[in-house]
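Presented below is the structure to which this report refers.
The values are calculated or read from the model by the stated rules, or taken from the named source; none is laboratory data. Keep in mind that what you see is a predicted model, and the values were worked out from it rather than measured. A quick note on method: Cβ atoms are made from the backbone with ideal geometry, for glycine too, and the neighbour counts reach across all protein chains shown. We work out accessible area using only protein heavy atoms, side chains counted, and drop any ligands, DNA or RNA first. Shrake-Rupley method; radii C 1.70, N 1.55, O 1.52, S 1.80 Å.
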Amino acid sequence: MNLILFDDVFRTIRLEGTDKRALHIRKVLRAEVGTLIFLGFVNGARARARVMELAGDGSVQLEVIGTESAPKCLPLTLLVGLPRPHTAKRILFQAASMGVGRIYFFEAERGEPSYAQSNLWLSEAWKEHLWLGVEQSFATCLPDVAVYPDLQTALSELFEISARVALDNYEATGGLGEVLSSKVPSCALALGAERGWSPGERAALRKNGWKIAHLGSRVLRVETAVTAAVAIAATQLRLWLSPTVTEL
């Protein structure tokens, strides 16, 4: 991780020796008293903190010495046919690290119904993968995540988005970059289940005003397609500007 994320804002904090963040500071960062580390507050500022104490019981005391604004989530929404759990974990991590604002999954007609009953979703273990993605990207903004029982229910949540594009290797007539305008303020990208869109789902997308586009002639894994689609959309909508570096 490139920063350590915290739920609540603090000026000073003591982490118990069993806290994974304390373990990271000791074993990975190999911090000493006086070492400066980066941290962040969920959906808030990025900060620099000084290690004030490394106690014998393993606990760590930190004191924030400066803050700055963190990158905001991008106005991008992903809509993905619910994949197998290990693929969903990768999508959550990659999308969060790239700054996607919302990640919506739906139970697809060609998907496996048991995926929605996996421990990933029933125990809310999915949150850990978002968290790790945000920490990796030196950011603090956690995407909103939801799982819908079918495509139409999910589509009804996305009418307000300016540009809505579904990715499909078989019925698209143009590439994603061709159908996106740099003038739109937000974008939703839909990807079908690992077995592809059903005829009914394609009809629903068109009925709801979604354009159909492709990512080239190759068939990609879902997690690869997500990364490629987000990169193309962020570039086309001019959402990735040159970062500024601030001394904390």
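For the reader, a short list of remarks on this structure follows.
- Net dipole in debye of the chain [+1 Lys, Arg Cβ; -1 Asp, Glu Cβ; about Cα centre; nearest 20]: 540
- Remark on the chain: 187 stand apart, with no other cysteine beta carbon under 4.7 Å.
- Karplus-derived 3J(HN,Hα) values for the range 188-196, using 6.51 cos²θ - 1.76 cosθ + 1.60 with θ = phi - 60°, are 10, 10, 10, 10, x, 5, 4, 9, x Hz; glycine and proline are entered as x.
- With kT/(6 pi eta Rh) evaluated at 4 °C and eta = 1.567 mPa s, and Rh the Kirkwood radius from Cα pairs, the range 105-214 diffuses with a coefficient of 83 µm²/s according to Stokes-Einstein.
- Dimensionless Rg/Rh of the range 167-248 - Kirkwood Rh, Rg from C-alpha atoms: 1.06
- Solvent-accessible heavy-atom area per residue, rounded to whole Å², over the range 156-246 at 1.4 Å: 55
- Based on protein heavy atoms only, the range 1-144 ends up with 48 Å² per residue of surface accessible to a 1.4 Å probe.
- Percent carbon-and-sulfur accessible area, the chain, ignoring ligands, DNA and RNA, probe 1.4 Å: 49
- Interatomic Cα distance distribution for the chain, bins of 5 angstrom, percent: 1, 6, 13, 16, 16, 13, 10, 8, 7, 5, 3, 1, 0
- Rounded Å value of the spacing that divides the Cα centres of the range 1-46 and the range 70-94: 25
- Across all directions, the average flat footprint of the convex hull enclosing the Cα atoms of the range 57-113 is 7.1 nm².
- Dividing the convex hull volume of the alpha carbon atoms of the range 119-170 by its residue count gives 158 Å³ per residue.
- Note on residue 27: aspartates and glutamates with a C-alpha under 16 Å away, same-chain residues under 8 apart excluded, are 16, 19, 53, 57.
- The range 47-154: radius of gyration and largest Cα-Cα distance (Dmax), Å: 17.5, 56
- For the range 84-171, a simple Cβ point-charge model (Lys and Arg +1, Asp and Glu -1, everything else neutral) yields a dipole of about 280 debye relative to the Cα centre.
- Normalised by the number of residues in the chain, the mean separation of alpha-carbon contacts (under 8 Å, six or more apart) gives a relative contact order of 20 percent.
- Burial ranking of peptide ranges 151-164, 32-45, 130-143 (average Cβ count within 10 Å, highest at the top): 130-143, 151-164, 32-45
- Cross-link check: pairs 127/183; 72/127; 72/183 evaluated at a Cα-Cα cut-off of 22 Å; pairs beyond the cut-off: 127/183.
- Trypsin sites (Lys or Arg not before Pro) within the range 1-78: DSSP coil, no more than 10 neighbouring Cβ in 10 Å: 11, 30
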